[in-house]
Each structure stands twice: as structure tokens, then as C-alpha cells.
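Encoded as C-alpha cells, the structure appears first; notes follow it.
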Amino acid sequence: MKGIRINEFGGPEVLKMENIAVPIPAPDEILVKVYASGVNPVDWAIRNGANIRMRSFLTLPMTLGWDAAGTVEAVGSEVTAFRQGDAVYGVPNFPGNGSYAEYCAAKAKQFAFKPQSLSFNEAAGMPLAALTAWTGMFWHGKLQAGQRIFIQGASGGVGSFAVQFAKAMGAYVIGTASTSNLEYLKQLGADEVIDYKTQNFEEILTNVDVVLEASPTRNNDERIKALGVLKEGGIFVSVNTDFPFNEQMTEAAATKKVSGELAVNQPRQDWLTEIAQLIDDGQVKVLISKVYPLEQVAEAHRESETWHVRGKLVLEVKKES
Ligand SMILES: NC(=O)c1ccc[n+]([C@@H]2O[C@H](COP(=O)([O-])OP(=O)(O)OC[C@H]3O[C@@H](n4cnc5c(N)ncnc54)[C@H](OP(=O)(O)O)[C@@H]3O)[C@@H](O)[C@H]2O)c1
């Protein structure tokens, strides 16, 4: 099969189209015929060699891509949830060989039936970002209907889903973006928008129940400012797990009587199924900002590395008939 692999860590030039053996699914895995793969910041972070802690888990050569939509080609002996031909979406094994390829073997429990109303290209833009928003807000942030949530980086892949999920569950949503994306946030359903380039959120907001840091800002001083907008007992959740809280941040949280959580996405089938339902019910939309053919993966990475993609980038692996 054809697939994009890296044989060394480095810039977009290390992404090479190669002929690779079709993977054989383990007993608890499915073999997915990949129609499309999402592109996420983690793809180019791994391509660059990630951090020292993560690097020890990485084996070269490696096929990147941890967001897939396609059809089930084969099932492992223990898999009962899917049959050949089912249309699915989900998160390939991480870290491991991913979805920048015509076929991908992955844990069946990390996949669910694709939302029926979406194309494969649209569905491929969902799993990782949507699950990160879901895990951060509902698992760590314990967000409830009627609560106020402040979402930083609300126009990005994770943030766009976070705004819509929070609205769908009945929360009051405040989001940040740069000027050109404020209207987009309102279209997603945000109740209030803040331009992080021209406004200081800490001078505007109070009484927030949950803060979701879904921006790429990795700065503990900024986090301490965000603690200031929380009410007592509030929860600050960051999805930037590669950038831990420092001592000042932890102390500030204790003084303010709020908690801080780092959220890694949980690739759960039951959540993917709930998310698919929200999509098919018309409560949540997927914005794909651009679809690149697989061959143009280096261009897609360059765009993702700007940190200013509205919605999602997708690689088309196979055209849908
Ligand atoms: N823990 C996990 O499991 C997990 C999974 C996926 C992603 N992540 C992390 O989540 C973060 C968001 O990922 P993503 O895929 O949503 O990225 P993305 O699609 O590139 O979106 C990033 C958003 O951040 C905003 N932004 C850029 N620079 C900013 C700044 N200086 N201050 C405030 N906002 C800024 C941008 O908004 P404007 O364009 O409007 O400026 C953009 O919409 C990343 O840090 C990523 O590493 C974590």
C-alpha cells in the first residue's frame, strides 16, 4: 500500500511517500481502509521528534496520523462490534503507525460508526480534536448545564468542537480568538467572544466555572491570569499536557481554591458514538478549512504549524465514490 512515513525526525521534508506492507490487525484490532486522515499538531510534533519523554516511545520508520475515517476491511478474532464494510471513524494507535496510509490497523475500541451525515473527509477531521474537547470539558472540567465556560483557542480544531459541545449541553460559552475569527465563534454559538490580540480577558471576566486552555499558549503566567476569572471551586483544564503546571501555578490554584487539570484525550468508543449522534442530530458541525491530497502532506503540515487554522485540515487518501 502507499503511505507517508518518516525515517528520521525533522521538518516537513522528512515526510516520504513509500510502499509499505498492509498491516495485519491484532485480535482486538480492525483493519481500516482509510479514506481520509485528519491533521493535528501532534503529527508535526512527533515528526519533529517530540520531547525527550515521548521520544523513548517512538519507533522509526513510522506512519503518522491519529485521526481516521474509512471502512472496515478486516476484523481481528476478538472483535464483535464491527463487520467488513462498516463505515467508521476513530483514533489509530498512539504512538504507533497511523492513518497517513491506505490501510491502518487500530484498536477496535477506539473507533465507532461514522456519523451518517458526514463525508469521510469531514469525519476524519473529528475524532482527536473532538475527543480532546470532550475529555477536557466533561471528564476533567465536569461541565454542567447552566455553568459558564471560558474557552481559549476557541476557533481551532479542539476549540471549535468545545464551543459547540458546551452549547449543546446547555452551558454559557465565552471564547477567545483573533479578530478575523470572532464572527466565526458567534456562528458556532459562543455567547461572548474576546479578541485575545486586543483585549485582556482577566479584566472582563469573573464567575467562570471552567476554563479550557485549548490554545497553543504554553505559559504558566497566562494560566495564573486565567485562574483569576474562576469562581471558588472552579476548574482550570489545559490540554497542553506536554507543558506541566509550575509551582507558582499550583500555589495560585490552591490560594484561589480552584483546581488545575491536564487533559489527554481519551479515545473512547462510547464518546465517539455520542459525538456522532450530536452531528447527525444537527447540533454540532464540522468545519474543514482545507482538504489536501495525501501527496501534499508537507504543505498540510506547514499550514498546521502556523497555529492559525480555522477548524480542521484533512488529507484525502481515497476519493469517495
Ligand atoms: N491533550 C491532548 O490530547 C491534545 C490533543 C489535541 C491537541 N492538543 C493541544 O491542543 C491545542 C490546540 O490544538 P488544535 O488542534 O485545536 O490547534 P489549532 O487547530 O492549530 O488551533 C489553535 C488555535 O489557537 C489560537 N491561537 C493561536 N495562537 C494563539 C495565542 N498566542 N493565544 C491564544 N490563542 C492562540 C488560534 O486562534 P486564531 O487563529 O483565531 O488566532 C487557533 O484557532 C494545541 O496546543 C495542541 O497541542 C492536545
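Nothing in this text is a laboratory measurement; each read-out follows from the coordinates by a stated rule. Since we're looking at a predicted model, the values are computed, not measured. For neighbour counting, all protein chains shown are included, and Cβ atoms are generated from backbone atoms with ideal geometry for every residue, glycine included.
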Eight or more residues apart or on different chains, and alpha-carbon atoms under 16 Å: count the Lys pairs in the range 130-248 matching that. 4
Most mobile listed residue (E299, E247, E232) in the chain, GNM with C-alpha springs under 10 Å: E247
State the Kirkwood hydrodynamic radius of the chain in Å, one decimal place, computed from all pairs of distinct Cα atoms. 19.9
With a 10 Å cut-off between alpha carbons and a GNM built on the chain, which of Q116, Q187, Q164 moves the most? Q187
Of K114/K319; K33/K114; K2/K109, which ones are farther than 22 Å apart at the Cα? K2/K109
Indicate the gyration tensor shape class of the range 188-321 (rounded, prolate or oblate), computed on the Cα atoms with a ≥ b ≥ c the square roots of the eigenvalues: a/c under 1.5 is rounded; otherwise a/b larger than b/c is prolate and the rest oblate. prolate
Checking K167, K197, K16 against a Gaussian network model of the chain (alpha-carbon springs below 10 Å), the top fluctuating residue turns out to be K197
Over the chain, calculate the relative contact order: mean separation of alpha carbon pairs under 8 Å at least 6 apart, over the residue count, as a percent. 20
Cα extents of the range 129-262 per principal axis, largest first, Å, are 38, 30, 28
Tell me, in nm to one decimal, what length is gained between I52 and T255 on full extension, where the rule is 0.36 nm per residue of separation less the Cα-Cα distance? 69.8 nm
About the Cα centre of the chain, what is the dipole size in debye to 20, counting +1 per Lys and Arg Cβ and -1 per Asp and Glu Cβ, all else neutral? 120
Sorted by chain and then number, the residues having a modelled amide H within less than 5 Å of the amide H of G3, at least 5 places away or on another chain, are E18, I20
Got the relative contact order for the range 129-262 handy, in percent, Cα pairs under 8 Å and 6 or more residues apart? 24
Could you check the simple spin-label distance between T179 and A145, using points 7 Å along Cα→Cβ, in nm with one decimal? 4.0
So, with points 7 Å from each Cα along the Cβ direction, the Q116-E320 label distance in nm works out to 1.4
Using the beta-carbon distance between S77 and Q266 and R0 = 25 Å, what value does 1/(1 + (r/R0)^6) give for FRET efficiency, to the nearest 0.05? 0.50
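At 0.36 nm per residue, and after removing the present C-alpha to C-alpha distance, how many nm does the segment from V22 to E192 gain when stretched out fully?
Full extension of this stretch gives 56.4 nm more.
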